Structure formats: structure tokens, C-alpha cells
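S.K.: Structure provided below as C-alpha cells; questions to follow.
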Amino acid sequence: MAKGNGTIGKTNRFPVETAGIFFAAILAAAFIVASLISIFSGINAHPDEQETYKAIQYYYTHWNIADIRDPLVYFSIYGTTRMAELNPYYYIAGKVGALFSWVLNYQTEFRIFNLLLLAFIIGLAACRNKKARILLPMLMLTPQAWYLYSYGTSDAWDLFLSILILYQIVNPDSMLNKYLGTSISKKSVLFGLLASLLFALQLMSKPNYFVTLVMAFIILLIRLVSDDKINKKEFFIKCLALLLCTFAIFGIRKGVDLAQYGFNKAQIVQELKEEKADKAFKPSTPVNEKWSTMQLHDRNVSLKTILTEKQFFQKSFVSFIGSYGYLQYMGPAAYINLMLFLYLALYAIIFYYCVKSRNRRVIIEFIAMNAILLLSVGLSVYNSWFVDFQPQGRYLLPMLIPFAYCFTLDKRILKNTAFNAIILITGLMSLYSFIFIGSVNLIK
């Protein structure tokens, strides 16, 4: 039986094939719990769900993309509407919800689309475990990722796209890799267009998910520079074509807005915000009269205060590992401390193998992924300091993508006994949180 290097752990005692069976079973249980929360929890029992619910419900009966000036468009107390977003989530969720409303006839069918996304992700991870072994371990890391799919939120769509992009990068037989690695043909061009569509959809997501696009760009750039087995000129041209197609597809969606609003959409959004928002959230309201958590930078609150006195990191971490409802349901201190220990142990194993490899490309990619993790945290800090102090773990879920990519940097990582055991414990603890903290409090 092969041993791993050093004392961190041995390989093949708990192989990924065996571990995958346990992982899949935990994820199947998580899907059942997510389904129960989706069906039986109250509307607006989850973050910002009322706004999402109204946007999805609009598309039950409308086929054209909404004009935000339509009196039927719902605005929150912040003066915002989901209809102003570029992504197609609300449109698709609305059509799926309308379809299921005929069959199921219950009020929470607007959440069905997210459940279908979760089922697809789990199915993809389980069925493609040999080609993309990192998906199952990644989905075990936090119950907050499962929770996203149990209620109405476009964050679930954004994370779904990021997971698909990760899959395209790590699976050698993916559309992206077939497009980049084979000679030009009708099939490879089609694969390239579909990959461009995926990137364009991610570009329409919330800004905190742009880190996935940055990650993909860096990985392809490193591959271009360091991989001597590829035709570098051809690879560069294909990447350039991919980039142009991505922006072309994104431009088509922007063109729809241009047709509706001209070049004045930002101004229209601002005017509607002023009209619809409660006084504490209106742009014209003086800073010192706005809601107490807003624009802390403009209130001369220092970054040090944000990070220390207001406990940004502590609150973000607790939320990241499972806070439910409007963050009022969270795990006990023992659970929080154990999850922190498990994450640090996983990072230590990855760090050990990357350094031990003495492979220049591996070390560069590891450093790059760490930089992207810091970027993700930085975006959340920026939002809490300059916009609205909301240290919520869901804003940090894009970190799962570069962290999971690190599992691929050395083939011994996924074969490591300690690694798989820690992932299993993390998954079991996540399931504990999802059932006994999440569902128990949310299902009424």
C-alpha cells in the first residue's frame, strides 16, 4: 500500500472512489433536506427572498423582459428591483415555477428551479467523479452552499455557473478543453461557443462571482506560458476568440437594455431608487440620516473598526459555515471551532503537497489561487465598508471555486487518507448543521 510523503497522511487507505460513495450519500441527504426547506419554509423567511419572489412571479405570466418602469415591477425598501439585473435567472425560474404551479399547486413552487440546479450539480459531481474528482469534496465544504438552493435567490444561479466553469477547467474531456485541445472543426467551434456562453452568463452575475472569471483567465494564461506540449500560437488565438465571443454574447444582452432604456439605464435606476426607497435608503438622504449600517466609510468609520470592533471576519465565517433565515439561526461554538480546525487542516495538506512537489507551475498556481481567495474577501470587505455592512457568508461562496481547484494541484491530495477523512467529517458536520440548525428552525 502506497504511502504519502511525510507524516501528513497515507494514500489509498481511504481512496477517492470509496470516499465518493460516502460523499454522494451525504449530498443526497442534503438534497432531501433542501427540498423540505424549499417546500415547507415560509416565503421571505430567507435573505432578500421577497424581492426575488416578486421578480420570479412576474415571469409566470410575462414573456418579454421586464421594463423596470412598469408599475407591476416590485421594488424593495432599498429602492432596488431584481428586474434591473442582467442575468436570465428570474426569467427561467419564473417559467419553471409557472410550469410546476399547474402540477403542484403550492405557494413555494418559485423555488423549484433552484432545487433542479442543486440536483444537477450533485448528479454531475457523482456521475463525473472520475473525470472531475474535486466536485464531490467541494460540495461537502459548507452547508451554506446547499442552503442557497432551498430558497429563492439568484446567488444559487451564480454559484451554479461558477461550478460549471470549474468543471470545464478540470475535466480533460470538457467542452472547453476539447475546444482548446483539438483541431478546428464544426464540433470544436460549437464547444467554444457554448463555453463562451457560460463565461458570458457568469459575466452577468453579481460582481463577487467575477473572481471565477479571473481564476479561469489566470489558469489559461499559466497554461499558455508553461505548457510546452501545446501549440502556443493556436492556443492563444483560441483563447482570444473565446474572449471575443464572451463579450459578444454579453453585448447582445446589453443591447436589449439599450433598446429599452437607451444609454440612460443607470440614471433611470437611480431615479427609481430615489422614488421607491424608504427615506433611510434614498440616495438623497444625508449620510448621517441613512440606515446605520450603510456607507460606513463616508461616516468616517475606519477599516480597522470594520475588521475588529465590528468583527467582520468572525461574522462572515460563522455565516459561511451555516447561518439560516436572516442569520438568526447558527451553530454552537463547538461546531464553529471544529469547522475552522477542519478548514485549516485541509489547507495544511494542500500547502504541504504543493510545496513538496517543488513544481514551479504548481507553486505559481497555488499562489494565484490564494490571491483570488484574498480578492474574494477583499470584495466583501469593500461592500461592507463602502456600501452596506453585511458580513454574510453567501458573499464568500465564490471562494469555494479557487479553493477546490487547489485539490488538483498535486494528484496525491485527493488520494490522501487524511484529506478524504477530513472532507467526510466536514460533510457530516455540514449535514448536522443543515438538519438540526437549518431545517428544524425553518420548517414550520
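S.K.: Regarding GLY181, is this residue buried (at least 18 other Cβ atoms within 10 Å of the Cβ) and either free of Cβ contacts under 8 Å to residues at least 60 places away in the same chain or closer than 12 Å to CYS239 by Cα (or both)?
M.R.: Considered against the rule, which asks whether it is buried (at least 18 other Cβ atoms within 10 Å of the Cβ) and either free of Cβ contacts under 8 Å to residues at least 60 places away in the same chain or closer than 12 Å to CYS239 by Cα (or both), GLY181 comes out as no.
S.K.: Show me the helices (runs of 4 or more DSSP H) found entirely inside the stretch 150-234 where at least 1 residues are at pLDDT 95 or above, of a type in the set (D, E, K, R) and within 30 Å of GLU49 (Cβ to Cβ).
M.R.: Once the helices (runs of 4 or more DSSP H) in the stretch 150-234 are filtered for at least 1 residues that are at pLDDT 95 or above, of a type in the set (D, E, K, R) and within 30 Å of GLU49 (Cβ to Cβ), what remains is 155-170.
S.K.: Identify all residues within the stretch 56-100 that are hydrophobic (A, V, I, L, M, F, W, C), part of a helix (DSSP H, G or I) and within 23 Å of PHE210 (Cα to Cα); write none if there are none.
M.R.: MET83, ALA84, ILE92, ALA93
Per-residue answers, yes or no, for (1) buried (at least 16 other Cβ atoms within 10 Å of the Cβ); (2) out of contact with any strand residue (DSSP E or B) (no Cβ under 9 Å at 6 or more places or on another chain):
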| position | (1), (2) |
| --- | --- |
| ALA248 | no, yes |
| GLY262 | no, yes |
| THR293 | no, no |
| THR308 | no, yes |
| PHE312 | yes, yes |
| VAL318 | yes, no |
| ILE321 | yes, no |
| GLN328 | no, yes |
| LEU340 | no, yes |
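S.K.: Related question: Do we have LYS254 as more than 30 Å from ALA195 (Cα to Cα) and of a type in the set (Lys, Arg) here?
M.R.: Answer is no for this residue.
S.K.: Residue under question is VAL256, and the condition is that it be of a type in the set (Val, Ile, Thr) and not in a helix (DSSP H, G or I); does it hold?
M.R.: Judged against the criteria, VAL256 is not a match.
A quick yes/no check of all residues on (1) surrounded by fewer than 20 Cβ atoms within 10 Å (Cβ to Cβ); (2) charged (D, E, K, R); (3) closer than 28 Å to LEU242 by Cα:
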residue	(1), (2), (3)
GLY79	yes, no, no
ILE92	yes, no, yes
LEU118	no, no, yes
ALA132	no, no, yes
LYS186	yes, yes, yes
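S.K.: Now, a different point. Name the pairs: first residue in the stretch 349-370 and over 21 Å from ALA216 (Cα atoms), second residue of a type in the set (D, E, K, R) and crowded, with 18+ Cβ neighbours inside 10 Å, Cβ to Cβ under 6 Å, at least 6 apart or on different chains?
M.R.: These pairs meet every condition: TYR353/ASP410; TYR353/ARG412; SER357/ASP410.
S.K.: Can I ask one more? Which ones in the stretch 103-120 are modelled with pLDDT of 80 or more, in a helix (DSSP H, G or I) and not acidic (Asp, Glu)?
M.R.: Selection gives PHE110, ARG111, ILE112, PHE113, ASN114, LEU115, LEU116, LEU117, LEU118, ALA119, PHE120.
S.K.: Exactly one condition in (1) free of Cβ contacts under 8 Å to residues at least 40 places away in the same chain; (2) within 30 Å of LYS279 (Cα to Cα) is false for ALA98; which is it?
M.R.: Going through (1) free of Cβ contacts under 8 Å to residues at least 40 places away in the same chain; (2) within 30 Å of LYS279 (Cα to Cα) one by one, ALA98 breaks only (2).
S.K.: Select from the stretch 426-442 the residues that are touching a residue at least 40 places away in the same chain (Cβ under 8 Å), surrounded by fewer than 20 Cβ atoms within 10 Å (Cβ to Cβ) and among the aromatic types (Phe, Trp, Tyr) and list them in ascending order.
M.R.: TYR432
S.K.: From the residues in the stretch 232-242 that are without any contact (Cβ under 8 Å) to a residue 12 or more places away in the chain and surrounded by 12 or more Cβ atoms within 10 Å (Cβ to Cβ), which one is nearest to ASP70 (Cα to Cα)?
M.R.: Here the residue is ILE237.
S.K.: Could I ask something else about it? Among the residues in the stretch 199-212, are any more than 15 Å from the chain's Cα centre (by Cα) and crowded, with 23+ Cβ neighbours inside 10 Å?
M.R.: No, the stretch 199-212 has no match at all.
S.K.: Considering only residues that are within 23 Å of PHE419 (Cα to Cα), buried (at least 20 other Cβ atoms within 10 Å of the Cβ) and not hydrophobic (A, V, I, L, M, F, W, C), which ones fall in the stretch 345-384?
M.R.: Within the stretch 345-384, TYR352, TYR353, GLU365 meet the criteria.
S.K.: A follow-up question, please. If you scan the stretch 410-444, which residues turn out to be hydroxyl-bearing (Ser, Thr, Tyr) and touching a helix residue (DSSP H, G or I) at 6+ places or on another chain (Cβ under 7 Å)?
M.R.: Answer for the stretch 410-444, where residues must be hydroxyl-bearing (Ser, Thr, Tyr) and touching a helix residue (DSSP H, G or I) at 6+ places or on another chain (Cβ under 7 Å): THR426, SER430, SER433, SER439.
S.K.: A further question follows. Of the conditions (1) of a type in the set (Gly, Ala, Ser); (2) assigned to a helix (DSSP H, G or I); (3) surrounded by fewer than 21 Cβ atoms within 10 Å (Cβ to Cβ), ALA125 clears all except one; give me its number.
M.R.: (3)
The values are calculated or read from the model by the stated rules, or taken from the named source; none is laboratory data. Remember, it's a predicted structure, so these values are computed and weren't measured experimentally. Heads up, the Cβs are rebuilt from the backbone with ideal geometry, glycines too, and the neighbour counts pull from every protein chain shown.
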